[in-house]
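This report concerns only the one structure given below.
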Amino acid sequence: MSAAPEAISLDRPVVTPCRVLVVNGNTTATLTDSLAGQARAFYGGAAHVRAVTAPFGPAYIASRAEAAISAHAVLAAVESEAARAEAPFDACVLACFGEPGIGAVRERLDAPVVGMAEASIMTAMQRGDRYAIVTVGQRWPGMLREQIRQLGLESRCAGILALPGKALDYASRSADSAAAVARALEQAEQQGADVVIVAGAALAGYLPLLPRLPRVPLIDSYRAALAQALALASLERSNYFAYTRSRSPSDNPGQ
């Protein structure tokens, strides 16, 4: 019976709202507003969200050159926000599937940094054997294949499907766009995927809009990143409080 109060007291700090920084690697402020609203709805009272837009770069990343520029912008945004924050962030989400600058941000920020691609692919592999990715932009399949190879996860990728047109056109969430996404998801399933990732900031929150769903599980890449950021932040805080409590003289009167 004596162990119960100890377990409860260790859990209490973990449920204190985490501070999560969401960085839109694109310069479209309306997209940042959408991402911020989705994050706050997803977290509820579990986290306080600070969402920022890349200070310079493309409106929406569509090439390797634009991704390189955005990496600099993302790092600048994170360093600026970390410097001015009243308290340290518990986690950071890079709200761009290409994850520009993620290595540099992890080097500079003393907190878990989660990218949409890595988080959603890891999640997909927990739901099925082979995953496929549906995104927007004709250059993205090649870019993502490079990214997946760097992660060492290419052997389980069933395919990458690129929707035609510009990503920001899909952010308007029209009925035609939703129908195009639904068709691409069905094609991904036909290619042998048993789980499909809906990838990119422009497609975040699309699942409720789809006219029909495939028979396989779907992973919203942004929500996967939000979930993993909260999980990692909670784990880090739990470890910290457990360690500090174990070192507290008041909790160890016999020492």
Cβ crowding within 10 Å averaged over residues, with 21-28, 190-197 ranked highest first: 21-28, 190-197
Gain upon complete extension [residue 48, residue 209; 0.36 nm per residue less C-alpha separation]: 55.3 nm
Solvent-accessible area, 1.4 Å probe, carbon plus sulfur percent, for the chain: 53
Cα gyration tensor, the chain - rounded (a/c under 1.5), prolate or oblate: prolate
Percentage relative contact order, the chain, counting C-alpha pairs under 8 Å, at least six apart: 21
The chain - accessible surface per residue (Å², probe 1.4 Å): 48
Calculated FRET value between residue 146 and residue 174, using beta carbons and R₀ = 30 Å, to 0.05: 0.45
Heavy atoms of residue 56: accessible area, 1.4 Å probe, square angstrom to 10: 80
Gyration tensor (Cα) of the stretch 1-152, equivalent ellipsoid semi-axes in angstrom: 30, 21, 14
Phi-based couplings in Hz for the stretch 36-45 (Karplus 6.51, -1.76, 1.60; Gly and Pro marked x): 5, x, 5, 5, 5, 5, 5, 7, x, x
Rg followed by Dmax, in Å, when the stretch 94-160 is reduced to its Cα trace: 12.3, 35
Acute angle (nearest 10 degrees) that the helix 140-151 long axis makes with the longest principal axis of the chain, alpha-carbon atoms: 40
Computed helical MRE - 222 nm, the chain, DSSP H runs ≥ 4 contributing -39500 (n - 2.57), nearest 500: -15000 deg cm²/dmol
GluC sites (Glu not before Pro) restricted to the stretch 69-157 and DSSP loop, no more than 16 other C-beta within 10 Å: 86
Two-decimal log10 I(q)/I(0) for the stretch 129-194, as the Debye equation yields it once each C-alpha is a single scatterer, q = 0.15, 0.18 Å⁻¹: -0.49, -0.68
Trypsin sites (Lys or Arg not before Pro) lying in DSSP loop within the stretch 164-236, provided at most 11 other Cβ fall within 10 Å: 212, 215
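The values are calculated or read from the model by the stated rules, or taken from the named source; none is laboratory data. Note that the coordinates shown come from a computational prediction; the quantities given were computed from them, not determined experimentally. Because the Cβ atoms are built from the backbone with ideal geometry, glycine has one as well, and the counts that use them run over all protein chains shown. For the accessible areas, the whole protein counts, side chains as well, though only heavy atoms, and no ligand, DNA or RNA atoms are used. Shrake-Rupley method; radii C 1.70, N 1.55, O 1.52, S 1.80 Å.
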